[in-house]
Amino acid sequence: MQTAIGVDLGGSHATAGVIDEDGTIRAQHELDLVDLSFPAVIEAVVAVIGKAQGDAGKSAPIGIGSPGNVEPQTGIVRYSPNLGWENAPLGPTLAKRLGVPVLVANDARCAALGEYTFGTGAGTQDFVLLTLGTGIGAGIVAGGDLLLGNRYGAGEIGHHQIRPSDGFVCGCGKIGCFEAQASGTGLIRHAFALAPSFPRSKLLDVGRENLGSKKIRKAAQAGDLHAIAAWKNYAGDLALGIANVIAFVNPQRIALGGGVSSAGEFMLGAVRARVEELTTMVPRGTTEIVIATLGNDAGQVGAATMAFRRGLTTRTL
């Protein structure tokens, strides 16, 4: 069976997986990224791919998922605020260094391809993956095809505004983006926004730099009133954004991935009923909301699938 190397490039680390054609992960290698300058990241990615080539061989096809607006046909990262890059020739530079073709696409679209092919999207024609982490990434499959858009920006669901007048400031500069309200960072911001109403709460005593969304979620599950209120507001914003996605593209199934999705049924129970209430122009009960199954491996699996298929496509060769 043929193997490929799928790389998930993030803002803090790069992970390279050795993936079989059936989606099986044979090995994984990871390097932390200390310097996000383009030359430094190139060196780190070459190093982590080199480790993966020790398992897969020097001729294995390579696919990379990168944050930002990426041109798949050229491998150029046109704009990536997470990495601080503009017009960075990621694919061509790596291909020259490694001596093999390197395909590059947006990381969330790669994750959606992986989850669609080997996870909860399998068997559907209309599917959306939402990755809920520091931000919100997404990929949309419509009619069996992964949507890329006119300039490869289709799927930037995290930056549609759900609370434009009273929401949190988003990293993109707008007010009340879905990402600002309903990412893991959004849950933390909800907790701080409610702090004046819970003067005796110990939830935030650890300080903002040490507070994670998982801590708030676990406190809510344990009955902490401050955490419950934050979770309720967070889940309401998540449901609002999901209902909008249903109105935009009418998928058969929406999968929730990323770190926050580890809440599992606790999250689904808080979101599904509210989504149903907010769904109007699409028949209620016709969109499934589930937890993604590939987890943090979806990006690597999707990038490797792109390499196998020689393009960011749901269609096999």
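The values are calculated or read from the model by the stated rules, or taken from the named source; none is laboratory data. Only a predicted model underlies this, so the values are computations on that prediction, with no experimental measurement involved. Every residue, glycine among them, receives a Cβ derived from its backbone with ideal geometry; neighbour counts consider all protein chains shown.
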### Criterion (more than 26 Å from Asp20 (Cβ to Cβ), surrounded by fewer than 19 Cβ atoms within 10 Å (Cβ to Cβ), in contact (Cβ under 8 Å) with a residue 24 or more places away in the chain and over 13 Å from the mean Cα position of the chain (by Cα)) met by exactly one of Pro92, Pro81, Pro101
Pro81
### Message
Can you tell me which residue is farthest from Ala4 (Cα to Cα) among those in region 114-127 that are crowded, with 24+ Cβ neighbours inside 10 Å and in contact with a strand residue (DSSP E or B) (Cβ under 6 Å, 6 or more places away or on another chain)?
### Response
Phe127
### Query
So which of Val260, Val290, Val275 is among the β-branched types (Val, Ile, Thr) and farther than 14 Å from Leu132 by Cβ?
Val275
## Note on the structure
Here, helices (runs of 4 or more DSSP H) confined to region 3-121 with at least 1 residues that are assigned by TED's automatic domain parsing to the domain that holds Val301 and touching a His at 6+ places or on another chain (Cβ under 9 Å) are 38-56
### Query
In region 144-171, which residue that is of a type in the set (D, E, K, R) and over 21 Å from Ser80 (Cα atoms) is surrounded by the most Cβ atoms within 10 Å (Cβ to Cβ)?
Arg163
### Task
Look through Ile254, Ile289, Ile228 and report the one residue that is at pLDDT 95 or above, farther than 30 Å from His29 by Cα and either buried (at least 19 other Cβ atoms within 10 Å of the Cβ) or outside the structural domain of Gly186 (by TED's automatic domain parsing) (or both).
Ile289
## Note on the structure
Those residues of region 164-217 which are within 17 Å of Met267 (Cβ to Cβ) and more than 22 Å from the chain's Cα centre (by Cα) amount to Ala191
### Conditions (1) among the β-branched types (Val, Ile, Thr); (2) crowded, with 24+ Cβ neighbours inside 10 Å; (3) without any contact (Cβ under 8 Å) to a residue 60 or more places away in the chain: number failed by Val141
(3)
### Query
When only residues in region 13-40 that are farther than 22 Å from Leu113 by Cβ and under 20 Å from the mean Cα position of the chain (by Cα) count, which is surrounded by the fewest Cβ atoms within 10 Å (Cβ to Cβ)?
Asp32
### Task
For region 1-13, state whether one or more residues are small (Gly, Ala, Ser), under 19 Å from Pro101 (Cβ atoms) and touching a residue at least 40 places away in the same chain (Cβ under 8 Å).
yes
### Query
Residue check, Ala292 against (1) over 30 Å from Ala60 (Cβ atoms); (2) in contact with a strand residue (DSSP E or B) (Cβ under 8 Å, 6 or more places away or on another chain), all met but one. Which one?
(1)
### Task
State whether one or more residues within region 178-200 are touching an Asp or Glu at 6+ places or on another chain (Cβ under 6 Å) and part of a helix (DSSP H, G or I).
yes
### Query
Just checking, which of Leu211, Leu113 is farther than 20 Å from Ser262 by Cα and in contact with a helix residue (DSSP H, G or I) (Cβ under 9 Å, 6 or more places away or on another chain)?
Leu113
### Message
So Gly285 passes all but one of these: (1) under 18 Å from His190 (Cβ atoms); (2) outside any helix (DSSP H, G or I); (3) more than 18 Å from the chain's Cα centre (by Cα). Which condition number does it fail?
### Response
(1)
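When you scan region 83-104, how many residues do you find that are of a type outside the set (S, T, N, Q) and more than 17 Å from Ile5 (Cα to Cα)?
Within region 83-104, the subset of a type outside the set (S, T, N, Q) is 83-86, 88-92, 94-104.
Checking the rest, the ones that are also more than 17 Å from Ile5 (Cα to Cα) come to 83-86, 88-89.
Counting residues in region 83-104 that are of a type outside the set (S, T, N, Q) and more than 17 Å from Ile5 (Cα to Cα) gives 6.
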